[in-house]
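These notes concern the structure reproduced below.
The values are calculated or read from the model by the stated rules, or taken from the named source; none is laboratory data. No experiment lies behind these values; they were computed from the predicted model shown. Using ideal geometry, Cβ is built from the backbone for each residue, glycine included, and neighbour counts are taken over all protein chains shown. The protein model used for the area step is the full one, side chains on, heavy atoms only, and it has no ligands, DNA or RNA in it. Shrake-Rupley method; radii C 1.70, N 1.55, O 1.52, S 1.80 Å.
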Amino acid sequence: MRCLPFSLLLFIAGPAPATGAPLSELAARGKAVMAAAQCNRCHAVTDLSGAAGLAPADRAMHCVDCHRWILGTKGDDKAIARQRLEFPDWDRYLENIEHFVRLPDLGTLTRRVDPRFVRRFLDAPVDLRPHLDESMIPLRLSAADKDAVVAYLVALGGEAVAGPAGDATAGPAPGSVAIEAGRALFVRRGCPTCHLVGNARLGGGFDLAFYRAMRAAIPVGDVAAPVISAPNLRFVRARMARAGLVRFIEDPAAVDPRTVMPKPSLEPGDAERIADFLLFAPIDFAGRTAPDPAPEVPMLQREVTYDEVFDEVLGRICVHCHMNPTSNNGDGGAGNTGGLGFAGLGLDLETYAGLKRGMVRDGKPQSVLAPARPGEAPLLLEVLLRRQREASRDRRLPFADAPAAGVGPDPAHPGMPMGLPPLDPARLALVKTWVAQGAPGPLSER
Ligand code: HEC
Ligand code: HEC
Ligand code: HEC
Ligand code: HEC
């Protein structure tokens, strides 16, 4: 990485390459990797003009575009009536869709974020956005493929402001007047209404109760609330060089015209002080270094039916990637017929017959109702517990924030539901009890 003297830092983002500029061999490989892994079903992967890059996946495949299309009819009685003719369950869709409505834009990411951070993130994704329920999915890509992905993103977005992040090693000492001034400005300019900064206490009513109330106030599935996309600024010191940080705070759209952060109203010098705070304030607390212990899952003292498990877990969450291909034009979803960079395991969780049939790994049939490895829970429960462990590694609760440990989900054994928050203990208990009771079939034909 280049290291430029401070006087040479430009206060503008580097120009994006002209549309259609030939890609390096590495970047071209990155583009092919991203197309094959279907990153464009969740992320925007186009350059600033929108003309170059990976076109968004077709709406019939696009997790975000399809959900937004449906939610976009909210409040429009005429449109809803029209859709009901073709989709009788439209009202239920509107009720149920909550996730995958706004995800980070990758096409312009490197205009503000150090590519080295992006590269590390691909190895070990962490939850960057505390208010966003969804997580980046584990990737099954070689190191060379990940290098290529990053090269492609830089080709699309352009280089960030000159100088890599983490260069600002010398700065005001923790507790110094400069940092406290920055902290005060950060609060006074309204930044904490959208952003957390690790475990930094911001005073002025920005306590746990405030964040809980704020999170609860964001309408479910809201496609417009920018707060959903606001990163925890604890990562800024690894993501942004000082010059770029100051520039972004002053005028986000000047760095990334597609950003969803509104321009704050600041006085001259504010951004410099806030940058001091973000780059140098202590944000970690000494205590927590190990993941939380997995929660105890109780065994229920009653009969649990398949219908309950289907309504609460399988049909509600899992079917979206483990469909029955026969009723979905041959597409069984990422966990069945494959997608999102996974070959698929033939696991249909939309039907009881499919669940009983189980999956096929390395050509061998495998039950999901028995442990996959000695000492583990039955696989159907084990994958849910795995997701619990993954999520506890980087907690996002305000003031319970753990330093990113550099370990992400194990791509060879991903937790479920992939990319979504872990199941709550009540739903885990349903699955655990039902499997222990022999996984009895449906009460009615379904
Ligand atoms: C199923 C949806 C989904 C797919 C497919 C997906 N991602 Fe993501 N990705 C996410 C989510 C959700 C986040 C946001 C995580 C957060 O900020 O807490 C994310 C975040 C990211 C980030 C970090 C963005 C930032 O602000 O630094 C990168 C980089 C990224 N994804 C790369 C990829 C690449 C490369 C692919 C394809 C190989 C891909 N993603 C496929 C859901 C997805
Ligand atoms: C063609 C449109 C369409 C596409 C494409 C689509 N979904 Fe959905 N999704 C829906 C509908 C409709 C519902 C509501 C289903 C219901 O109420 O039964 C839904 C609901 C969900 C839910 C449960 C509700 C929630 O928000 O938590 C999840 C999870 C989900 N989808 C994930 C995905 C993922 C992951 C992808 C991409 C791999 C995807 N969807 C692609 C239409 C779509
Ligand atoms: C209305 C909500 C909102 C407010 C208020 C807000 N931001 Fe943001 N900010 C965002 C969003 C959303 C993003 C993510 C940008 C994107 O994805 O395009 C962001 C991104 C950032 C980033 C880049 C972080 C990264 O890791 O990529 C910085 C730095 C930042 N904001 C600083 C501030 C400061 C300083 C203030 C107060 C002066 C502030 N923001 C006020 C919503 C907000
Ligand atoms: C966003 C898509 C997605 C969602 C949602 C999802 N899965 Fe999966 N699932 C996958 C993919 C992809 C694989 C294949 C992983 C692999 O190849 O190891 C998989 C694999 C599995 C496996 C086999 C895991 C192993 O290690 O052998 C089980 C069991 C499973 N899923 C259960 C579930 C359950 C239960 C849910 C709902 C709580 C769920 N999945 C939700 C995508 C998903």
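Tabulated values for the structure
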{"read-out": "Gain in span if fully extended, A238 to A216, counting 0.36 nm per residue against the direct Cα distance", "value": "5.0 nm"}
{"read-out": "Accessible-area value, H67, 1.4 Å probe, nucleic acids and ligands omitted, Å²", "value": "50"}
{"read-out": "Accessible heavy-atom area order of D77, D147, highest first, probe of 1.4 Å", "value": "D77, D147"}
{"read-out": "Listed residues E376, E390, E180, E86 arranged by accessible area, highest first, probe 1.4 Å", "value": "E86, E180, E376, E390"}
{"read-out": "Surface accessible to a 1.4 Å probe, S24 within the full protein complex, Å²", "value": "70"}
{"read-out": "Under 25 Å from the Cα of K356 - lysines, other chains or at least 8 residues apart", "value": "K364, K432"}
{"read-out": "Kirkwood-type radius of the stretch 8-157, with distances r between different C-alpha atoms, in Å", "value": "17.2"}
{"read-out": "Cα extents of the stretch 306-436 along the three principal axes, largest first (Å)", "value": "47, 32, 30"}
{"read-out": "Per-pair calculated FRET efficiency, R0 = 45 Å: E180 and I80 via Cβ, rounded to 0.05", "value": "0.30"}
{"read-out": "Reference-scaled alpha-carbon Rg (2.2 N^0.38 Å with N residues) for the chain", "value": "1.04"}
{"read-out": "Rg/Rg_globular for the stretch 244-391, with Rg_globular taken as 2.2 N^0.38 Å and Rg from C-alpha atoms", "value": "1.62"}
{"read-out": "GNM result for the chain, Cα springs below 10 Å: residue of Y306, Y93, Y211 fluctuating most strongly", "value": "Y93"}
{"read-out": "Rg(Cα) / (2.2 N^0.38 Å) computed for the stretch 177-280, rounded to two decimals", "value": "1.06"}
{"read-out": "Largest to smallest accessible area among W69, W434 [probe 1.4 Å]", "value": "W69, W434"}
{"read-out": "Whole-number Å³ per residue for the convex hull built on Cα positions in the stretch 94-242", "value": "140"}
{"read-out": "Efficiency of FRET from Cβ geometry, K364 and R119, R₀ 30 Å, rounded to 0.05", "value": "0.30"}
{"read-out": "Computed accessible area, K364, all protein chains, 1.4 angstrom probe, square angstrom", "value": "130"}
{"read-out": "Carbon + sulfur, % of accessible area of the chain - ligands and nucleic acids excluded, 1.4 Å", "value": "59"}
{"read-out": "Gaussian network model of the chain, springs between alpha carbon atoms under 10 Å - residue of P298, P421, P164 with greatest fluctuation", "value": "P298"}
{"read-out": "Under 12 Å from K74, Cα to Cα: aspartates and glutamates that are on another chain or at least 8 residues apart", "value": "D91, E95, D222"}
{"read-out": "Spacing of the two label points (7 Å from each Cα toward its C-beta) at E376 and D91, in nm", "value": "4.3"}
{"read-out": "Under 21 Å from K31, Cα to Cα: lysines that are on another chain or at least 8 residues apart", "value": "K146"}
